[in-house]
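Here you go, one structure.
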Amino acid sequence: ALTSEYYFRGISQTDDKPALQGGMDYEVDLAKTGVALYLGLWGSNVDFNDGNAGASLELDLYGGLRGKIGSTPLSWEAGFIYYAYPGAASSLNYDFWEVQGSLAYDFGVASVKGSVNYSPDNFGGTNSETYLKLGVDVPVGKYLTLSGYVAKQYLDAAAGKDYLEWNFSAGTNVAGFDLSLAYSDTDI
């Protein structure tokens, strides 16, 4: 992916600069149970304006289980994400991990997904954090999908103030390429 800016939970990770991102996933069904095991790796350039001791790359390793509940359009996911920043000084404590879980329901005309992520020791060694998110995707015709979400980032009191995040986007596929235009913001 080539993006005009990399936002993570409403905060720029590239200091108002573009990002080049990519990843790969592997998924396997577990003995025809309807449950799948997945593993993946994703990366992006970053710029935290932290000088020579800082990071210029983020690498995420993730995995978990996902499936549907019976023959219903209700799906679930449970997993982990490890965020690594190779090259950053260890004193910055940038690397951290999270556990995550989600439930999604596809109504046909729209799909809704709620998720929660938790880390006992967040980015920069800022103690625990919890991230709650509720999103909706609405296909409009054959070629356009409108999406939006609202999320709340709960931080340890020593790390700063909790904040609200929101995002609205429109996406389509042209000649095999996914194109998206998004607006992201927070109340901070």
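The values are calculated or read from the model by the stated rules, or taken from the named source; none is laboratory data. Small disclaimer: the values here were computed from a predicted structure and weren't measured. Every residue, glycine among them, receives a Cβ derived from its backbone with ideal geometry; neighbour counts consider all protein chains shown. Ligands, DNA and RNA are excluded from the accessible area calculation, which covers all protein heavy atoms including side chains. Shrake-Rupley method; radii C 1.70, N 1.55, O 1.52, S 1.80 Å.
Would you work out the charge dipole size for the chain about its Cα centre, treating the Cβ of every Lys and Arg as +1 and the Cβ of every Asp and Glu as -1, and quote it to the nearest 20 debye?
Details: 10 positive and 23 negative charges, 134 e Å.
Computed about the Cα centre, the dipole is about 640 debye.
What distance in nm separates the simple spin-label points at Y163 and D121, each placed 7 Å from Cα in the Cβ direction?
Each label point is offset 7 Å from its Cα along the Cβ direction, giving 2.4 nm.
Now, a different point. Using Cα pairs under 8 angstrom and six or more residues apart, how large is the relative contact order of region 97-188, in percent? Don't skip to the answer; put the middle values down first.
Values: 203 pairs, mean separation 17.0, N = 92.
Result for region 97-188 is 18 percent.
Which percent of the Cα-Cα distances in the chain go past 30 Å?
Considering the chain, 22 percent of its Cα-Cα pairs are separated by more than 30 Å.
Going Cα to Cα from K133, which lysines come in below 17 Å? Please leave out same-chain ones fewer than 8 positions away.
K113, K152
Suppose a student asked you for the relative contact order of the chain, using Cα pairs under 8 Å spaced at least 6 residues apart; what percent would you report? Before the final figure, lay out the partial values.
Numbers: 462 pairs, mean separation 22.0, N = 188.
12 percent.
Between S12 and T72, what FRET efficiency follows from the Cβ-Cβ distance if R0 is 35 Å, with the result rounded to 0.05? Display every interim value, and only then the final one.
Working: r = 39 Å, r/R0 = 1.10.
Efficiency, rounded to the nearest 0.05: 0.35.
Oh, and also: Run the quick spin-label model on L30 and D106: label points 7 Å from Cα toward the beta carbon, then report their separation in nm to one decimal.
In this crude label model, L30 to D106 measures out at 2.1 nm.
Suppose the chain between T172 and L134 were pulled fully straight at 0.36 nm per residue; how much longer would it get relative to their current alpha carbon spacing?
Gain on extension, T172 to L134, equals 11.5 nm.
Here is a further query. Extending each Cα 7 Å along its Cβ direction at K142 and L61, get the distance between those two points in nm, one decimal.
4.4 nm
I'd like the carbon and sulfur percentage of the solvent accessible area for region 1-82, probe radius 1.4 Å, heavy atoms only, ligands and nucleic acids excluded.
Working: 3050 of 4890 Å².
Result for region 1-82: 62 percent of the exposed heavy-atom area is carbon or sulfur.
I would also like to ask the following. Just to confirm, what accessible area per residue do you get for region 54-188 at 1.4 Å probe, in whole Å²?
Numbers: 7770 Å² over 135 residues.
About 58 Å² of surface per residue is accessible.
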